Amino acid sequence: MSGGVDSSVAACLMQRRGYDCMGATMRLYRNEDIGLGQFHTCCSQKDIDDAAAVAFELDIPYEVLDFTMDFREAIIQKFVHTYEAGGTPNPCIDCNRVMKFDKLLNYALEHGYEWVVTGHYARIEPGENGRWLLKKALDPAKDQSYVLYNLTQHQLAHVLFPLGGMSKPDVRKLAESMHFVNARKHDSQDICFVPDGDYVKFMEQYTGKHYPAGDFLDETGRVVGQHRGAVRYTLGQRKGLGLAMGQPVYVCGKDMARNTVTVGPESALYTRCLMADEMNWIAFPELTAPLRAKAKTRYRQVEQPCTVYPAPNGRVRVEFDEPQRAVTPGQSLVIYDGDVVVGGGIILGAVPDSST
């Protein structure tokens, strides 16, 4: 129970279905760990108080579980490392994989509970081949299947998403009928440990490092300006470059070893092919032949038609029917067959089109 309305209603629904429930909030992060000022995170005292109030209303036991060390090692350190390596991380996906559906699930099973229930908008159903399937939520505006692609068969067998067939207005209406304190609470949109969006400030405070300025280069390698540190820029970025080149330019590449950022026209951002690693397959055990499917490379993107090819060492090569904009290392590739999540992995980067 995060303290938000979704997990609160999920608990309410499970209780109505006759399950014995326990509420749990994971304490993931303390501001004092790196000397940041006070702010609300996804496990702030306000969130804990709201979750506790809902648990009291439902008359279920409630605990706060301290996972701060696990979160620091598995989530924050990977977040920093990915940016320093030139990628763009997605810590919320990592948090789902490591914290909610590993650490928390293990805690639940060890204490006699059969399932972890969350307020995610997605569905889990048994497939015809004996495997559990992850499917999109019925409400496309709230679907969160993209951030859940790395669930394993073991985890899917012990996880429930009771909101998968509901809309957000219906969730809030139920919360209001139960007089939950968080019925109208705003959804969290930020990375919990970077609530102001300034991830470089966070990284500098966390690591004690300073990320130095360097050269902006054009596509020919000519120096066209000075940037404020390569970690501050992501592929496809246009705003905040501070360059006057007579036409709009975008971040097209980064060389972290040289601390350079390459800029160019928007046309330079498009690619048809990418490589992905750390694949997790849900619909079948492994990919052994080319697969026609749809995929997306970022959360808000509409899935795009593509062919997925198996590659050495468990990787995949994905060739899209149409060029895709700003394929970014560190982000997730998620593959769909209709409303079924086939699987997904971490994008390594764009690669040359095999047809050229």
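Just one of the listed residues (G330, G344) is in a loop (DSSP other than H, G, I, E, B) and buried (at least 20 other Cβ atoms within 10 Å of the Cβ), and it is G330. Would you check if A257 is in a loop (DSSP other than H, G, I, E, B) and without any contact (Cβ under 8 Å) to a residue 12 or more places away in the chain? The answer is yes for A257. For segment 117-141, a tally of residues being open to solvent by 50 Å² or more (accessible area, probe 1.4 Å) and either touching a residue at least 24 places away in the same chain (Cβ under 8 Å) or in contact with a His (Cβ under 7 Å, 6 or more places away or on another chain) (or both) returns 5.
Remark: G242 falls outside the filter, which requires a residue to be over 23 Å from the mean Cα position of the chain (by Cα), open to solvent by less than 50 Å² (accessible area, probe 1.4 Å) and either aromatic (F, W, Y) or farther than 18 Å from G87 by Cβ (or both).
Checking each residue in segment 15-28 for being touching a strand residue (DSSP E or B) at 6+ places or on another chain (Cβ under 6 Å), open to solvent by 10 Å² or more (accessible area, probe 1.4 Å) and at pLDDT 95 or above picks out only A24.
Pairs are defined by a Cβ separation below 7 Å, a sequence spacing of at least 6 or placement on different chains, a first member in segment 71-94 that is in contact (Cβ under 8 Å) with a residue 40 or more places away in the chain and among the acidic types (D, E), and a second member that is crowded, with 18+ Cβ neighbours inside 10 Å and part of a helix (DSSP H, G or I); the pairs so defined are E84/V231.
From the list A289, A244, A293, the one residue that fits, being among the hydrophobic types (A, V, I, L, M, F, W, C) and under 17 Å from P323 (Cα atoms), is A293.
Residue-by-condition table, conditions (1) open to solvent by less than 30 Å² (accessible area, probe 1.4 Å); (2) in a strand (DSSP E or B):
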{"residue": "M279", "(1), (2)": "no, yes"}
{"residue": "F284", "(1), (2)": "no, no"}
{"residue": "L287", "(1), (2)": "yes, no"}
{"residue": "K294", "(1), (2)": "no, yes"}
{"residue": "Q301", "(1), (2)": "no, no"}
{"residue": "P305", "(1), (2)": "no, yes"}
{"residue": "V308", "(1), (2)": "yes, yes"}
{"residue": "N313", "(1), (2)": "no, no"}
{"residue": "R317", "(1), (2)": "no, yes"}
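To keep it simple, each residue is scored yes or no on (1) among the hydroxyl-bearing types (S, T, Y); (2) in a loop (DSSP other than H, G, I, E, B); (3) in contact with a strand residue (DSSP E or B) (Cβ under 8 Å, 6 or more places away or on another chain); (4) closer than 16 Å to L13 by Cβ.
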| position | (1), (2), (3), (4) |
| --- | --- |
| L105 | no, no, yes, no |
| E125 | no, no, yes, no |
| D143 | no, yes, yes, no |
| H154 | no, no, no, no |
| G164 | no, yes, yes, yes |
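Residues that are without any contact (Cβ under 8 Å) to a residue 60 or more places away in the chain, closer than 21 Å to K168 by Cα, open to solvent by 20 Å² or more (accessible area, probe 1.4 Å) and hydrophobic (A, V, I, L, M, F, W, C) do not occur anywhere in segment 97-113. Here S188 clears all of (1) hydroxyl-bearing (S, T, Y); (2) in contact with a strand residue (DSSP E or B) (Cβ under 8 Å, 6 or more places away or on another chain); (3) open to solvent by 50 Å² or more (accessible area, probe 1.4 Å) except the condition numbered (2).
Among the candidates A85, A108, A74, the residue that is of a type in the set (G, A, S) and touching a Phe, Trp or Tyr at 6+ places or on another chain (Cβ under 9 Å) is uniquely A108.
The values are calculated or read from the model by the stated rules, or taken from the named source; none is laboratory data. Since the model is a prediction, treat every value here as computed from it, not as a measurement. Cβ sites come from the backbone with ideal geometry, for glycine too, and all protein chains shown count toward neighbours. Quick note on the areas: whole protein, heavy atoms, side chains included, nothing else; ligands and nucleic acids left out. Shrake-Rupley method; radii C 1.70, N 1.55, O 1.52, S 1.80 Å.
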